[in-house]
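Peer 1: One structure, pasted below without further comment.
The values are calculated or read from the model by the stated rules, or taken from the named source; none is laboratory data. For clarity, every value in this text was computed on a predicted model and none was experimentally measured. All Cβ positions, even for glycine, are placed from backbone atoms using ideal geometry, and neighbour counts span all protein chains on display.
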Amino acid sequence: MDKFLGSSVTKKFVMAIAGLFIILFLLVHLGINFLLLIDDPVPFNSAAHFMANNVVVKVFEIVLFAGFLIHIIYGIILQIQNWLARPSRYKKTAFSQTSFFSKYMIYLGIIIGIFLFIHFINFYFVKLGWVEGDHENFYGMANDLFHLPLYIVIYLVSFLFLAFHLNHAFQSAFQTFGLNDRYTPVIKKIGLTYSILVPLGFSIIPIVIYFFK
(Lines give C-alpha, C1' and ligand atoms only; values in the text may rest on other atoms or scores of the structure.)
Protein backbone atom coordinates (compact mmCIF):
# COMPACT_ATOMS: atom_id res chain seq x y z
CA MET A 1 0.00 0.00 0.00
CA ASP A 2 2.78 2.44 0.92
CA LYS A 3 4.52 1.62 -2.34
CA PHE A 4 1.30 2.28 -4.24
CA LEU A 5 0.61 5.60 -2.50
CA GLY A 6 4.17 6.72 -3.14
CA SER A 7 4.32 5.66 -6.78
CA SER A 8 4.67 8.16 -9.62
CA VAL A 9 1.43 6.89 -11.17
CA THR A 10 -0.50 7.64 -7.97
CA LYS A 11 1.08 11.09 -7.68
CA LYS A 12 0.13 11.88 -11.29
CA PHE A 13 -3.44 10.66 -10.71
CA VAL A 14 -3.91 12.73 -7.54
CA MET A 15 -2.26 15.74 -9.19
CA ALA A 16 -4.60 15.39 -12.19
CA ILE A 17 -7.70 15.37 -9.96
CA ALA A 18 -6.44 18.42 -8.05
CA GLY A 19 -5.68 20.17 -11.34
CA LEU A 20 -9.17 19.55 -12.74
CA PHE A 21 -10.70 20.87 -9.52
CA ILE A 22 -8.67 24.08 -9.95
CA ILE A 23 -9.80 24.29 -13.59
CA LEU A 24 -13.45 24.23 -12.48
CA PHE A 25 -12.75 26.81 -9.77
CA LEU A 26 -11.27 29.20 -12.33
CA LEU A 27 -14.61 29.26 -14.18
CA VAL A 28 -16.42 30.30 -10.98
CA HIS A 29 -13.73 32.88 -10.19
CA LEU A 30 -13.97 34.34 -13.70
CA GLY A 31 -17.75 34.65 -13.45
CA ILE A 32 -17.41 36.64 -10.21
CA ASN A 33 -14.61 38.80 -11.65
CA PHE A 34 -16.82 39.89 -14.55
CA LEU A 35 -18.93 41.71 -11.94
CA LEU A 36 -16.02 44.16 -11.69
CA LEU A 37 -17.07 45.54 -15.07
CA ILE A 38 -20.35 46.75 -13.59
CA ASP A 39 -20.27 50.33 -12.32
CA ASP A 40 -22.24 49.35 -9.23
CA PRO A 41 -19.86 47.83 -6.62
CA VAL A 42 -22.66 46.06 -4.73
CA PRO A 43 -22.89 42.86 -6.86
CA PHE A 44 -19.15 42.12 -6.69
CA ASN A 45 -18.85 43.01 -3.01
CA SER A 46 -21.93 40.91 -2.23
CA ALA A 47 -20.42 37.95 -4.08
CA ALA A 48 -17.10 38.43 -2.27
CA HIS A 49 -18.93 38.68 1.07
CA PHE A 50 -20.89 35.50 0.30
CA MET A 51 -17.71 33.64 -0.66
CA ALA A 52 -16.02 34.82 2.55
CA ASN A 53 -18.80 33.93 4.98
CA ASN A 54 -20.83 31.04 3.59
CA VAL A 55 -20.10 27.80 5.49
CA VAL A 56 -20.34 25.58 2.40
CA VAL A 57 -17.98 27.86 0.48
CA LYS A 58 -15.52 27.78 3.39
CA VAL A 59 -15.48 23.96 3.22
CA PHE A 60 -14.80 24.09 -0.52
CA GLU A 61 -12.15 26.73 0.19
CA ILE A 62 -10.28 24.19 2.31
CA VAL A 63 -10.62 21.61 -0.46
CA LEU A 64 -9.40 24.20 -2.97
CA PHE A 65 -6.30 25.04 -0.95
CA ALA A 66 -5.63 21.35 -0.48
CA GLY A 67 -5.93 20.98 -4.25
CA PHE A 68 -3.47 23.84 -4.82
CA LEU A 69 -0.96 22.39 -2.36
CA ILE A 70 -1.26 18.86 -3.72
CA HIS A 71 -0.92 20.08 -7.28
CA ILE A 72 2.15 22.18 -6.46
CA ILE A 73 3.90 19.67 -4.17
CA TYR A 74 3.31 16.66 -6.40
CA GLY A 75 4.31 18.70 -9.45
CA ILE A 76 7.65 19.54 -7.81
CA ILE A 77 8.18 15.94 -6.65
CA LEU A 78 7.44 14.52 -10.10
CA GLN A 79 9.74 17.05 -11.75
CA ILE A 80 12.58 16.17 -9.36
CA GLN A 81 11.99 12.47 -10.01
CA ASN A 82 12.17 13.14 -13.75
CA TRP A 83 15.44 15.05 -13.34
CA LEU A 84 16.93 12.26 -11.24
CA ALA A 85 15.81 9.65 -13.74
CA ARG A 86 17.58 11.53 -16.54
CA PRO A 87 20.85 12.72 -15.00
CA SER A 88 22.43 13.33 -18.38
CA ARG A 89 20.87 15.10 -21.34
CA TYR A 90 20.90 13.67 -24.82
CA LYS A 91 22.86 15.70 -27.33
CA LYS A 92 19.94 15.52 -29.75
CA THR A 93 16.36 15.64 -28.57
CA ALA A 94 13.36 15.17 -30.83
CA PHE A 95 11.15 18.25 -30.58
CA SER A 96 7.43 17.98 -29.98
CA GLN A 97 4.82 20.32 -28.54
CA THR A 98 4.17 17.95 -25.65
CA SER A 99 7.83 17.51 -24.73
CA PHE A 100 8.39 21.27 -24.92
CA PHE A 101 5.62 22.08 -22.44
CA SER A 102 6.53 19.12 -20.24
CA LYS A 103 10.11 20.36 -20.10
CA TYR A 104 9.19 23.86 -18.96
CA MET A 105 6.03 23.04 -16.99
CA ILE A 106 7.80 23.43 -13.64
CA TYR A 107 9.03 26.93 -14.54
CA LEU A 108 5.59 28.03 -15.72
CA GLY A 109 4.21 26.69 -12.45
CA ILE A 110 6.74 28.66 -10.41
CA ILE A 111 5.86 31.92 -12.20
CA ILE A 112 2.15 31.26 -11.67
CA GLY A 113 2.83 30.43 -8.02
CA ILE A 114 4.60 33.78 -7.50
CA PHE A 115 1.64 35.63 -9.00
CA LEU A 116 -0.74 33.57 -6.87
CA PHE A 117 1.14 34.64 -3.73
CA ILE A 118 0.89 38.30 -4.80
CA HIS A 119 -2.82 37.79 -5.43
CA PHE A 120 -3.28 36.30 -1.96
CA ILE A 121 -1.48 39.27 -0.37
CA ASN A 122 -3.77 41.72 -2.14
CA PHE A 123 -7.05 39.93 -1.47
CA TYR A 124 -7.19 36.68 0.50
CA PHE A 125 -4.80 37.76 3.24
CA VAL A 126 -6.80 41.00 3.56
CA LYS A 127 -9.93 38.91 4.12
CA LEU A 128 -8.13 36.97 6.85
CA GLY A 129 -6.93 40.20 8.45
CA TRP A 130 -3.25 39.38 7.90
CA VAL A 131 -2.76 42.35 5.57
CA GLU A 132 -4.26 45.83 5.95
CA GLY A 133 -7.09 46.62 3.58
CA ASP A 134 -10.83 47.22 3.28
CA HIS A 135 -12.28 43.69 3.26
CA GLU A 136 -15.76 45.17 2.84
CA ASN A 137 -14.84 46.82 -0.47
CA PHE A 138 -12.88 44.38 -2.62
CA TYR A 139 -14.46 46.07 -5.64
CA GLY A 140 -12.62 49.29 -4.84
CA MET A 141 -9.38 47.45 -4.06
CA ALA A 142 -9.50 45.56 -7.36
CA ASN A 143 -10.22 48.74 -9.33
CA ASP A 144 -7.33 50.54 -7.63
CA LEU A 145 -4.93 47.71 -8.51
CA PHE A 146 -6.16 47.60 -12.10
CA HIS A 147 -5.20 51.26 -12.50
CA LEU A 148 -1.56 50.47 -11.71
CA PRO A 149 0.32 49.81 -14.99
CA LEU A 150 2.97 47.58 -13.35
CA TYR A 151 0.35 45.39 -11.67
CA ILE A 152 -1.55 45.02 -14.95
CA VAL A 153 1.63 43.97 -16.77
CA ILE A 154 2.38 41.35 -14.10
CA TYR A 155 -1.26 40.22 -14.20
CA LEU A 156 -1.38 39.85 -17.99
CA VAL A 157 2.00 38.10 -18.25
CA SER A 158 0.98 35.69 -15.50
CA PHE A 159 -2.23 34.76 -17.31
CA LEU A 160 -0.30 34.32 -20.55
CA PHE A 161 1.88 31.75 -18.80
CA LEU A 162 -1.24 30.25 -17.22
CA ALA A 163 -2.72 29.74 -20.70
CA PHE A 164 0.26 27.58 -21.73
CA HIS A 165 0.16 25.77 -18.39
CA LEU A 166 -3.56 25.02 -18.69
CA ASN A 167 -3.33 23.80 -22.27
CA HIS A 168 -0.76 21.16 -21.39
CA ALA A 169 -2.22 20.36 -17.96
CA PHE A 170 -5.72 19.76 -19.32
CA GLN A 171 -4.48 17.20 -21.83
CA SER A 172 -2.10 15.59 -19.35
CA ALA A 173 -4.87 15.15 -16.77
CA PHE A 174 -7.10 13.18 -19.13
CA GLN A 175 -4.13 11.21 -20.39
CA THR A 176 -3.43 10.24 -16.77
CA PHE A 177 -7.01 8.96 -16.46
CA GLY A 178 -6.24 6.52 -19.28
CA LEU A 179 -8.74 7.66 -21.89
CA ASN A 180 -8.00 5.95 -25.18
CA ASP A 181 -6.65 7.66 -28.27
CA ARG A 182 -9.99 8.17 -29.98
CA TYR A 183 -10.88 10.89 -27.44
CA THR A 184 -7.54 12.68 -27.79
CA PRO A 185 -8.56 15.09 -30.61
CA VAL A 186 -11.68 16.16 -28.70
CA ILE A 187 -9.75 16.59 -25.43
CA LYS A 188 -7.11 18.67 -27.22
CA LYS A 189 -9.76 20.95 -28.73
CA ILE A 190 -11.57 21.42 -25.42
CA GLY A 191 -8.27 22.01 -23.61
CA LEU A 192 -7.09 24.53 -26.20
CA THR A 193 -10.43 26.36 -26.15
CA TYR A 194 -10.46 26.51 -22.35
CA SER A 195 -6.80 27.59 -22.11
CA ILE A 196 -7.50 30.48 -24.50
CA LEU A 197 -10.92 31.71 -23.39
CA VAL A 198 -10.48 31.58 -19.61
CA PRO A 199 -7.13 33.45 -19.40
CA LEU A 200 -8.44 35.85 -22.07
CA GLY A 201 -11.52 36.51 -19.95
CA PHE A 202 -9.39 37.27 -16.90
CA SER A 203 -7.12 39.50 -19.01
CA ILE A 204 -9.91 41.56 -20.58
CA ILE A 205 -11.18 42.72 -17.19
CA PRO A 206 -8.14 44.81 -16.09
CA ILE A 207 -7.73 46.21 -19.60
CA VAL A 208 -11.34 47.43 -19.70
CA ILE A 209 -11.04 48.87 -16.17
CA TYR A 210 -7.75 50.65 -16.91
CA PHE A 211 -8.85 52.28 -20.15
CA PHE A 212 -12.58 52.80 -19.68
CA LYS A 213 -13.33 53.14 -15.95
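Peer 1: Those residues that are over 16 Å from A169 (Cβ atoms) and at pLDDT below 80, I need them from region 1-34; list them, please.
Peer 2: M1, D2, K3, F4, L5, G6, S7, S8, V9, T10 - these are the residues of region 1-34 that are over 16 Å from A169 (Cβ atoms) and at pLDDT below 80.
Peer 1: In region 133-168, what count of residues is obtained for those that are surrounded by fewer than 19 Cβ atoms within 10 Å (Cβ to Cβ) and closer than 13 Å to P41 by Cβ?
Peer 2: 7
Peer 1: Considering only region 119-173, how many residues are part of a helix (DSSP H, G or I), among the aromatic types (F, W, Y) and touching a residue at least 60 places away in the same chain (Cβ under 8 Å)?
Peer 2: Quick first cut of region 119-173, residues part of a helix (DSSP H, G or I) only: 119-128, 138-145, 149-173.
Restricting the remaining residues to those that are among the aromatic types (F, W, Y) gives 120, 123-125, 138-139, 151, 155, 159, 161, 164, 170.
Now drop any that are not touching a residue at least 60 places away in the same chain (Cβ under 8 Å), which leaves 138-139, 164, 170.
Qualifying residue count, region 119-173: 4.
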